[in-house]
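Enquirer: Input: one structure, supplied below.
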Amino acid sequence: MNCPPLQSIEDYLIGALAQSERRTLEEHLETCSSCRQTLAHEQELDDLLRALPNLGAPEGFSKSVLSKMAAKPASRSLPDWLWALGVGLFVTFLGIMASRFGAPFTKELAQEVSSFIHGSGVQNRLSDLGAISQSDWLSQLTTGNNVFILNFAVAGIVLCWGLWQVVKALRG
Amino acid sequence: MAVQSDTLAELDLIHRAKKGDHAAFGMLVERYKDQVYNLVTRTLGNQYQADDVAQEAFIRAWKALSHFEERSKFSSWLYRIAINCAFTELRRSGKPVDQLPPEEMEIVKLPGSGALSAEAAFEKRDLVEKLIKRLSPIYRSIVVLFYLQDMDCQEIAAVLNRPVGTVKAYLHRARTEMRSSAEYLLKTRSGN
């Protein structure tokens, strides 16, 4: 007689067998006293585990939790992903505004910084090291279009994070 | 019908608590305090820090309530937080969550049974308590959820965020550990 492994008997007890497997095992148990004995012993362990007392919370537990809650800020009503999308859209908006109206200011700033660097000789030293070209890299970087691109990059990162939160929320 | 109205009442409490209603959350605490305390105490393996850790679980649940999206049971979500709090506490005190403590591997004898006297029944219960304590915390939490909180493997998988197959395997291993650390009834019963 082919007796099932112990694991099948455990699966039977924990309700993890499919209906057909369950029926097959029950048919086997009707004819096999050895497996019936194993089942009885396993059942005994189950019964002992189920008979363990539930340890109740001590007196004043709820009161203590409520007093600690009072000291903590209330939970935020908006989920993370909504915050992230909001921040992403705001940064994008700032980017558009900067690219449209901020160009004169950024150009002026670039010129000031550039003249400071030329004056202090920093650019030459950096160029000597091969770190930058002779072109005026700083003013390129700080023109309106680049501010726009920079803002889009930041917004993109925040939006990606927001989308990741959405995916996480959907996957539970 | 009663179960359905109970679930609706619980949902109402959750919605109110999400809006910042302390009293509503207090009723949820009252409803689940014993289960959470039991789960935390048995997962930790002692009662010394259980009170603080169980309270911490409720505080975390309160702070994170807006993230509970009601696709799973509130109890499952709460138990997950409680188990995480217990695991964090164990790690903080340098105890591994998924390994057996080596110093506690000695064999324990189960008392013989037959017609169980009250004393022998007590002895057995005491022994099973010891056997559970010898399990690693992850196994302990699964045993508690399955045998004491009456959850099935599917629900436990949701609580622990692990596949159902893993939960079943852990449950098997937990039983094997308990059997191997005791001269189990299987052998002793017939001889006594």
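The values are calculated or read from the model by the stated rules, or taken from the named source; none is laboratory data. Model, not experiment: these values are computed from the prediction. All Cβ positions, glycine included, derive from the backbone under ideal geometry; neighbour counts span all protein chains shown.
Enquirer: For region A:45-92, enumerate the residues that are modelled with pLDDT under 75 and touching a His at 6+ places or on another chain (Cβ under 7 Å).
Expert: Result: A:Pro79, single match.
Enquirer: Within region A:29-70, which residues are more than 7 Å from every other protein chain (Cβ to nearest Cβ) and charged (D, E, K, R)?
Expert: If the condition is that a residue be more than 7 Å from every other protein chain (Cβ to nearest Cβ) and charged (D, E, K, R), then A:Glu30, A:Arg36, A:Glu42, A:Asp46, A:Asp47, A:Glu59, A:Lys63 are the ones that fit.
Enquirer: Then there is this: Scan region B:123-131 and give yes if some residue there is under 22 Å from A:Ala18 (Cα atoms), of a type in the set (Val, Ile, Thr) and modelled with pLDDT of 80 or more, otherwise no.
Expert: No; the residues of region B:123-131 include none that is under 22 Å from A:Ala18 (Cα atoms), of a type in the set (Val, Ile, Thr) and modelled with pLDDT of 80 or more.
Conditions (1) within 13 Å of another protein chain (Cβ to nearest Cβ); (2) within 17 Å of B:Arg175 (Cα to Cα); (3) buried (at least 17 other Cβ atoms within 10 Å of the Cβ), marked per residue:
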site: A:Cys3; (1), (2), (3): no, no, no
site: A:Glu10; (1), (2), (3): yes, yes, yes
site: A:Leu13; (1), (2), (3): yes, yes, no
site: A:Ala16; (1), (2), (3): yes, yes, yes
site: A:Ser20; (1), (2), (3): no, no, no
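Enquirer: Being more than 16 Å from B:His15 (Cβ to Cβ) and of a type in the set (Ser, Thr, Tyr) is the filter here; which residues of region B:33-71 pass it?
Expert: If the condition is that a residue be more than 16 Å from B:His15 (Cβ to Cβ) and of a type in the set (Ser, Thr, Tyr), then B:Tyr37, B:Thr41, B:Thr43, B:Tyr48 are the ones that fit.
Enquirer: What do you reckon, is B:Tyr32 more than 7 Å from chain A (Cβ to nearest Cβ), surrounded by 14 or more Cβ atoms within 10 Å (Cβ to Cβ) and of a type in the set (Phe, Trp, Tyr)?
Expert: Spelling it out, B:Tyr32 is indeed more than 7 Å from chain A (Cβ to nearest Cβ), surrounded by 14 or more Cβ atoms within 10 Å (Cβ to Cβ) and of a type in the set (Phe, Trp, Tyr).
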